[in-house]
Amino acid sequence: MKEANLMTMPEAPVNPIDLVAQGATIVKMENAEQMAIAVQNPRDENRILAECLKEIDTYPSMAGEALYNKPVGRDTDTGKMKYAEGLSIRAAESIGNRWNNSSYGVQIVSEDEDAAIIAAVFLDYEKNTRHISMQRVSKYFKTKNGAIARIVPDRFDMVIKANGSKILREVILRSLPAGLKKEYELKARLVLKKEPIAKKRDAMKARGEEIGITEAQLAEWKQKAIKDFSNADILEAIGILNAIRDGEITVEAIFKTKTQDEKGQEKPSLKVKPPETATETATGQGQVNYTDGDMFQK
């Protein structure tokens, strides 16, 4: 018996446009399914609040992760630095994960030789609302001598990540109830207040090590030895270190530190101020065509 001569036919070339369209269709189906689930299983806000507050009791170290301080200028009367306080990206994601019937994410939606456009989105399937925040991140930065330099690709990845974390925090927190955020913040501050000062001091030093801030820099910042830091000093430092870690502010904005790498080249800040930003909030079933498919389709 003669065996059949089996040949593998060459596959047709893949059309990227078709792939994007297929991906958009799949995401639309997933969103429709999520909305159907939301109707059948509405969220219980009392349960969510209880779970959020219990998290800090169960994991007390989260209290130190949850807050940030960002300097906004000095008081004209006292000369003391004033701070904007709030919940960190870690806290935003933790609460957002418990806010069921919703999803969030951040991605690069376009990129050219000069900049990248990043966008963060929060979808609420139960309320059928959507919040989107977009930001342009330049691939150039100004050096200390005023020259314009291009950010190296590896460094730009870090810049994108830092800015992405910032707008993701903003879009998540903008989408959550004010009361839920406030109760979580109050709980975190209460837990921190009750902790022994020695434990908080160790947490502060550990947080500094994570982002390359030494004890000497912390001491120079407050003009006193670490062992002499008050409770207020430590909480202020922890909030600032969290803000640096999350890309809210730069190391150079607070601490005296070198900005030269091993080759003697100046490094750009992780927080590169974009030339322009755009933010849009959409409610209802309308579609915002910022990108072809995935998380921005609804």
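The values are calculated or read from the model by the stated rules, or taken from the named source; none is laboratory data. A quick note: this is a predicted structure, and the numbers were derived from the prediction, not measured. Please note: Cβ atoms are built from the backbone with ideal geometry, for glycine as well, and neighbour counts cover all protein chains shown.
Tabulated results
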item	result
Complete set of residues in region 228-255 that are assigned to a helix (DSSP H, G or I), surrounded by fewer than 19 Cβ atoms within 10 Å (Cβ to Cβ) and touching a residue at least 24 places away in the same chain (Cβ under 8 Å)	ASN231
Pair list, Cβ < 7 Å and 6+ apart or interchain, from region 63-81 residues that are basic (Lys, Arg) to residues that are surrounded by fewer than 10 Cβ atoms within 10 Å (Cβ to Cβ)	ARG74/LYS80
Region 107-118 residues that are touching a residue at least 12 places away in the same chain (Cβ under 8 Å) and within 13 Å of VAL159 (Cβ to Cβ), paired with ones that are surrounded by fewer than 13 Cβ atoms within 10 Å (Cβ to Cβ) and not aliphatic (A, V, I, L, M) (beta carbon under 8 Å, 6 or more apart)	ALA115/PRO275
Restricting region 125-148 to residues that are β-branched (Val, Ile, Thr) and at pLDDT below 90, the residue that is surrounded by the most Cβ atoms within 10 Å (Cβ to Cβ)	THR129
Test result for GLU215, more than 17 Å from ASN242 (Cβ to Cβ) and either without any contact (Cβ under 8 Å) to a residue 24 or more places away in the chain or surrounded by 16 or more Cβ atoms within 10 Å (Cβ to Cβ) (or both)	yes
Any hit, region 181-193, residues being part of a helix (DSSP H, G or I), closer than 20 Å to ALA237 by Cβ, out of contact with any helix residue (DSSP H, G or I) (no Cβ under 6 Å at 6 or more places or on another chain) and of a type in the set (Gly, Ala, Ser)	no
Residue satisfying condition, being surrounded by fewer than 15 Cβ atoms within 10 Å (Cβ to Cβ) and over 13 Å from the mean Cα position of the chain (by Cα), within set LYS54, LYS70	LYS54
Options GLU33, GLU51, GLU65, GLU85; residue that is at pLDDT 95 or above and either of a type in the set (Lys, Arg) or closer than 25 Å to SER175 by Cα (or both)	GLU51
Region 213-227: number of residues that are outside any helix (DSSP H, G or I) and over 25 Å from the mean Cα position of the chain (by Cα)	3
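Matching residues to (1) modelled with pLDDT under 90; (2) farther than 30 Å from ARG136 by Cα:
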residue: ALA206; (1), (2): no, yes
residue: ALA219; (1), (2): no, yes
residue: LYS227; (1), (2): no, yes
residue: ILE234; (1), (2): no, yes
residue: ILE238; (1), (2): no, no
residue: GLY247; (1), (2): yes, no
residue: ALA253; (1), (2): yes, no
residue: SER269; (1), (2): yes, no
residue: VAL272; (1), (2): yes, no
